[in-house]
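Student: Sharing a structure below in structure tokens format, with a few things to ask.
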Amino acid sequence: MKLFVAVATGQNVANLPPVLQFAQRGDEVLWLESKQAADQDWAVGAIEVLRSRHVESRRAPINGNINDPKAVRQALEGFLVDHHERYRELNLVLNGGQKLTPFGLALAADYWRNQCDHPVRFLYGDDRPARVQVRETAPDAPMHQHTYDRARMPSLVEVLKARGSSLEEAGLPLEWNSPPSTHGL
């Protein structure tokens, strides 16, 4: 089983494409959450999208500032120490968090490589053009770019769900030639 690690943000849509590109049925995603992310349930919509695709999620707190690489490293290393035997590969999604957050993920990868001796991949989802950057073993390794598989990408409904929104059923069509009355405004 592969483990994907993403940092929960208010923009979890950016975390989904790299995960969906490579995750298979039965893989897991670990959502690292700041206090604010946990309090506001930022990961819930993305977790629901993944569950519908048979990818389960776990959650772990970041004790401290999300922009502190040490706090992020401790959160991930703590999880890996307790659960490393479950996974054969670690995939770190570098899209979530603030500017320094990915440094903590990269630092925690040292534990995975040195203590567990399993593969690690660093994933970063670009939006223009839409593709995923993959670096094997280390963040400074040669980059391989992959075009997203359209069939694996989130639908509009899934994008909205990941953002905590949904489509509402439309009522009667708006009559464009006779707009609603503005009397009484």
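The values are calculated or read from the model by the stated rules, or taken from the named source; none is laboratory data. Because the structure is a prediction, the values reported are computed rather than measured. All Cβ positions, glycine included, derive from the backbone under ideal geometry; neighbour counts span all protein chains shown. In case anyone asks, the SASA skips ligands and DNA or RNA and just uses the protein heavy atoms, side chains included. Shrake-Rupley method; radii C 1.70, N 1.55, O 1.52, S 1.80 Å.
Student: Quick one: accessible area per residue over the chain, 1.4 Å probe, rounded to a whole number of Å²?
Tutor: With the other protein chains kept in place, the chain gives 57 Å² per residue.
Student: Roughly how many percent of the accessible protein surface of the chain is carbon and sulfur, given a 1.4 Å probe and a whole-percent answer?
Tutor: Summing carbon and sulfur atoms, their accessible area is 50 percent of the total for the chain.
Student: With θ set to phi - 60° and the Karplus curve 6.51 cos²θ - 1.76 cosθ + 1.60, what are the ³J(HN,Hα) couplings of segment 132-148 in order, to the nearest whole Hz, using x for Gly and Pro?
Tutor: With coefficients 6.51, -1.76 and 1.60, one gets 10, 8, 10, 10, 8, 6, 8, x, 9, 5, x, 8, 10, 9, 10, 6, 5 Hz.
Student: Give me the dipole magnitude in Debye, nearest 20, for the chain about the Cα centre, with unit charges on the beta carbon: positive for Lys and Arg, negative for Asp and Glu. Numbers along the way, then the final one.
Tutor: Working: 21 positive and 23 negative charges, 63 e Å.
About 300 debye.
Student: Relative to the longest principal axis of the chain, what angle (0 to 90°, nearest 10) does the C-alpha long axis of helix 101-111 take?
Tutor: In the chain, helix 101-111 runs at an angle near 30 degrees to the longest axis.
Student: Okay, moving on. Can you list the lysines whose alpha carbon is less than 22 Å from that of K161, not counting same-chain residues fewer than 8 positions off?
Tutor: By straight Cα distance, K161 reaches K35.
Student: Principal axis extents for the chain, Cα atoms only, whole Å, descending order, please.
Tutor: If we take the Cα atoms of the chain, the spans are 71, 35, 28 Å.
Student: Oh, and also: Using alpha carbons only, how many degrees (0 to 90, rounded to 10) separate the axis of helix 69-83 from the longest principal axis of the chain?
Tutor: 70 degrees
Student: Next up: For the chain, calculate the relative contact order in percent as a whole number, restricting contacts to Cα pairs under 8 Å that are 6 or more residues apart.
Tutor: 24 percent
Student: What is the set of long-range amide H partners of V5 at a cut-off below 5 Å, with H atoms built 1.01 Å from backbone N?
Tutor: The list, which skips near neighbours in sequence, is L30, N91, L92, V93.
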